[in-house]
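What follows draws every value from the coordinates through simple rules; no lab data is involved. Note that the structure is a prediction, hence the values are computed from the model and not measured. Neighbour counts are summed over all protein chains in view; Cβ atoms, including those assigned to glycine, are modelled from backbone coordinates with ideal geometry.
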């Protein structure tokens, strides 16, 4: 009698979880902008047996944005998930993998991310700050002021903006813009940048040094600015596609 | 409609009642939530 088909695999089955973890590493490794994502839930799984030790797996994954920018070398397990009150961002991914002799490989993946709805946040936390558009004029002003402030206080290496990661605006108890943005070291000091900014270039790939800044700019009732930046140091093989190069 | 009713009755009789204390297996998907649900 033909062998009974194997029992259907569930979304919490260790083999499926291993496939999902492999898929999340692949997704983060192939993303060039924004933040890294962590697995929140395996929504659906379909398995097609291709033969002995050969399966095709279709996974529907529910991910959540972490606080680690894509250039941050911190291991994903140490990256905390953005909390609901910080206006969480969810990623939905469909991933097709193959498992041959126990080895996974990703054949295709498609993801899209979206912030939690403002209504959801307001319902649970009326005064929580909400995500702002990255091209909001207050956001751009906060980023520019923060980077200028940091560069003026750390004159040895002039840092250049790579991308704004996220921005939230709040109006209670003070009016404040909180921003996060990725930066890179250049071949200039702050003084050289002041004299001739056009001569300042990002360091070449074999010396690249990326970093990340967070800043809070209070605009009412007083004016105040706090900016902090952290450079990660050179990470061999880690590149950042400059606008225009990146096709993704 | 007679056939349908009959079929429905037969199906009902054929349906084997679960034994007392039967606990249906948990759904295979979606899986557990690791952080929180948006």
Which pairs turn up if I take residues in the range B:26-38 that are more than 7 Å from chain A (Cβ to nearest Cβ) and look for partners that are assigned to a loop (DSSP other than H, G, I, E, B) with beta carbon separation below 9 Å, at least 6 apart in sequence or on another chain?
B:26/A:10; B:26/A:12; B:27/A:10; B:27/A:11
Conditions first: (1) assigned to a strand (DSSP E or B); (2) within 11 Å of residue A:95 (Cβ to Cβ). Residue A:20 passes all but one, so which condition is the exception?
(1)
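Yes/no matrix, rows are residues, columns are (1) closer than 18 Å to residue A:70 by Cα; (2) not in a loop (DSSP other than H, G, I, E, B):
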{"site": "A:191", "(1), (2)": "no, yes"}
{"site": "A:194", "(1), (2)": "no, yes"}
{"site": "A:216", "(1), (2)": "no, yes"}
{"site": "A:219", "(1), (2)": "no, yes"}
{"site": "A:222", "(1), (2)": "no, no"}
{"site": "A:236", "(1), (2)": "yes, no"}
{"site": "A:242", "(1), (2)": "yes, no"}
Residue hits (the range A:153-189; assigned to a loop (DSSP other than H, G, I, E, B) and farther than 17 Å from residue A:218 by Cα) are A:154, A:155, A:156, A:157, A:158, A:187, A:188, A:189
Only one of A:178, A:144, A:190 is without any contact (Cβ under 8 Å) to a residue 12 or more places away in the chain and either closer than 27 Å to residue A:36 by Cβ or touching a helix residue (DSSP H, G or I) at 6+ places or on another chain (Cβ under 7 Å) (or both); which?
A:144
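Is it the case that some residue within the range A:197-210 is in a strand (DSSP E or B), under 16 Å from the mean Cα position of the chain (by Cα) and farther than 27 Å from residue A:118 by Cα?
Step one: of the range A:197-210, the residues in a strand (DSSP E or B) are A:202, A:210.
Filter once more, so that each one left must be under 16 Å from the mean Cα position of the chain (by Cα): A:210.
If we keep only those that are farther than 27 Å from residue A:118 by Cα too, we end up with A:210.
Yes, the range A:197-210 has at least one match.
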When the residues of the range A:88-124 are narrowed to those that are away from chain B (no Cβ under 13 Å) and outside any strand (DSSP E or B), which ends up surrounded by the most Cβ atoms within 10 Å (Cβ to Cβ)?
A:122
For the range A:40-85, what are the residues that are part of a loop (DSSP other than H, G, I, E, B), within 14 Å of chain B (Cβ to nearest Cβ), over 13 Å from residue A:28 (Cβ atoms) and touching a strand residue (DSSP E or B) at 6+ places or on another chain (Cβ under 8 Å)?
A:80, A:82
For the range A:10-39, give me each residue that is out of contact with any strand residue (DSSP E or B) (no Cβ under 7 Å at 6 or more places or on another chain) and more than 14 Å from chain B (Cβ to nearest Cβ).
A:25, A:29, A:30, A:31, A:32
